[in-house]
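The next block holds one structure in the form of structure tokens; read it before the comments.
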Amino acid sequence: MLKKIKRLLKENKCRELIIIGDVKHTIARLSWPEQEEISEFFRPLEKITKVHIVKGNHDGNIERYVSNVYPTYGFGYNGYWIMHGHARPPKEAAGKTIILGHMHPIVEFRDSLGGRLSERVWIRTDRVIVMPAFNDLLGGIDVRQPLLGPMKKRIDPKKAELYLLDGLYLGTITEIGRRMKGGE
């Protein structure tokens, strides 16, 4: 994952990296192996770019091991509000487009023989953008299932657009649900 991030930073000439929570697995605190892994992961990144981390619900005590950690409700950045998504946005986020993680949205495709394929997707509305999980090892929740967190109320399935990681537009959550009714 570190190699992938370094490559993306270089290809896109990024000066900053924002990670929107769930950097680690355990919730309350870091296990001994995670302490080492976190340091080994962030040390080389912090040498090449400025790293911002919005604390996620799995990131208890992470600020003891890395710098630039923001609270779960996030921070303003270039006219956007960046937050993890398991907490409500603060008043400062009013009127800004909110970018969040936490929901780990996917679309699961099924064929008539029982084969399944899950694809991570972006969810986009006029004022909310939900990022898919970056980590290939994380699962997700199909967008046709109830979404997680307090921000789900701001996502109208009739208007929420879905995009694959490569940018391919799939339609709205409602349209995907209709097209794939019954798991077809």
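Laboratory data are not the source of any read-out in this text; all were calculated from the coordinates shown. What you see is a predicted model; the values in this text were computed from it and never measured. Quick reminder, even Gly has a Cβ in these numbers, built from the backbone with ideal geometry, and neighbours come from all protein chains shown.
Dividing the Cα radius of gyration of segment 1-62 by its Kirkwood radius returns 0.98 for Rg/Rh. Working note: Karplus 6.51/-1.76/1.60 with θ = phi - 60° gives segment 62-73 the couplings 5, 5, 6, 10, 9, 9, 6, 9, 9, x, 4, 6 Hz, where Gly and Pro are set to x.
The alpha carbons of segment 103-184 give a radius of gyration and a Dmax of 12.2, 39 Å, in that order. Neighbour counts of other Cβ atoms within 10 Å put Asp166, Asp59, Asp111, Asp142 in the fewest-to-most order Asp166, Asp111, Asp142, Asp59. Close amide H contacts of Gly56 (hydrogens built in the peptide plane, cut-off under 5 Å, sequence separation of 5 or more or a different chain): Gly21, Asp22, Val23. With helices as the sole contributors, the chain gives -5500 deg cm²/dmol at 222 nm; each DSSP H run of n ≥ 4 counts as -39500 (n - 2.57), and the sum is divided by every residue.
Think of the chain as a dipole: +1 on every Lys or Arg Cβ, -1 on every Asp or Glu Cβ, centred on the Cα centre; then among Ala133, Trp81, Leu168, Trp81 lies furthest on the positive end. Between the Cα long axis of helix 32-48 and the first principal axis of the chain there is an angle of about 80°, rounded to the nearest 10. So how tilted is helix 2-11 from the main axis of the chain? Cα-based, degrees 0 to 90, rounded to 10. Orientation of helix 2-11: about 80 degrees from the principal axis.
Semi-axes of the equivalent ellipsoid for segment 25-102, computed as √(5λ) from the eigenvalues of its C-alpha gyration tensor and ordered from largest down, come to 25, 15, 8 Å. According to the calculation over all Cα-Cα pairs in the chain, the P(r) per 5 Å bin from zero is 1, 8, 15, 19, 19, 16, 11, 7, 3, 1 %.
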